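Let me begin by presenting the structure, written as structure tokens, before commenting on it.
FYI, it's all coordinate maths here, none of it is from the lab. Just so we're clear, the structure is a prediction, and the values are computed from it rather than from any experiment. Positions of Cβ are backbone-derived with ideal geometry, glycine not excepted, and every protein chain shown enters the neighbour counts.
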């Protein structure tokens, strides 16, 4: 991990928070595959279009290791609600599908600053409901569905899990890589790991400013830790990075779920930073996290 950080420093990348949102989006896309494992070929990769409540059509991509009626993970990419895409997380979603034997649908929800809170939440929930209603038309068994995501995408997955509980929509698993769960960068890990380790405090501040007004940040749809009631939400698997500003927030939300009787499985990957799951070419912990998540996913979605 230290070697990766040193190489990033030598490369002289301009921090995203010093760029315009459009420049940051382009820079993230350009660098997103540099440290990824090779792209796995899959028998089925299909681009989809999913309607949102306001008439907008969302892009998505389906990955499947066979043409069978497989259970499905609906995946929301990370990127602070501002950067990232189906393309930037293509390799990760391929690995989750290949290793689990399940279908994965990756969603291009709308991004800030053009689309501020709660548009991303609405898009994620609209896609969840659409998949439950129409998944069979894709040859997918949407009666066995999981929700997942990394970072901001993990936030969306936790929120949709609560909404699904309220709508009596069965969800088998929340698959959460270092999700954002708190209203602000207040936990000790934000100070301990918020400087020089990929995701810095200025990044978090910048992402928040792009996405949401300060007066809205206590809303549980932004900060799931503030949800009044998380009883009976789907079981959760957390894959956290030890050297990540968000690690304490993830631990706190896992504890909140456990205290409400929700089954929680949690793994902290030692010595790695935020974004490590997209560094499988360089960091063995990334490949281990892929395998761990896929194993838990397969177990949760089995008949």
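Between residue 110 and residue 287, the distance separating the two model label sites (each 7 Å from Cα on the Cα→Cβ line) works out to 4.1 nm. Label point 7 Å out from residue 209 along Cα-to-Cβ: which residues of segment 101-131 have amide N under 16 Å? Correct set: 112-114.
Let me have the 222 nm mean residue ellipticity of the chain computed from DSSP H runs of 4+ only, each contributing -39500 (n - 2.57), with the sum over all residues rounded to the nearest 500. Before the final figure, lay out the partial values.
Details: 9 runs with 110 residues, N = 303.
Rounded to the nearest 500, it is -11500 deg cm²/dmol.
Considered as an equivalent ellipsoid built on the Cα gyration tensor, the chain has semi-axes of 26, 22, 20 Å, the largest given first.
Please work out how much length the chain gains when fully extended from residue 192 to residue 68, using 0.36 nm per residue of separation minus the C-alpha to C-alpha distance, in nm with one decimal.
Working: separation 124, 0.36 × 124 = 44.64 nm, distance 4.67 nm.
40.0 nm is the gain from fully extending residue 192 to residue 68.
A crude spin-label estimate for the pair residue 11 and residue 54, with each label 7 Å from Cα along the Cβ direction, gives 3.4 nm. Distances between every pair of Cα atoms in segment 19-61, grouped in 5 Å steps from 0 to the bin holding the largest one, split as 5, 15, 12, 14, 24, 19, 9, 2 percent. Across the alpha-carbon atoms of segment 169-212, the computed radius of gyration and Dmax are 13.4, 41 angstrom. Taking the square roots of 5 times each eigenvalue of the Cα gyration tensor of segment 50-202, largest first, gives ellipsoid semi-axes of 26, 17, 15 Å. Extension gain for residue 302-residue 265 works out to 11.6 nm (0.36 nm per residue, less the C-alpha to C-alpha distance).
Counting only Cα atoms, segment 141-214 measures 43, 25, 19 Å along its principal axes, largest extent leading. Among 239-252, 108-121, sorting by the average number of other beta carbon atoms lying within 10 angstrom of each residue, highest first, gives 239-252, 108-121.
When you count, for each residue, the other Cβ atoms within 10 Å and take the mean per peptide, how do 94-100, 29-35, 213-219 rank with the highest first?
Ranked from most to least packed, the peptides come out as 94-100, 29-35, 213-219.
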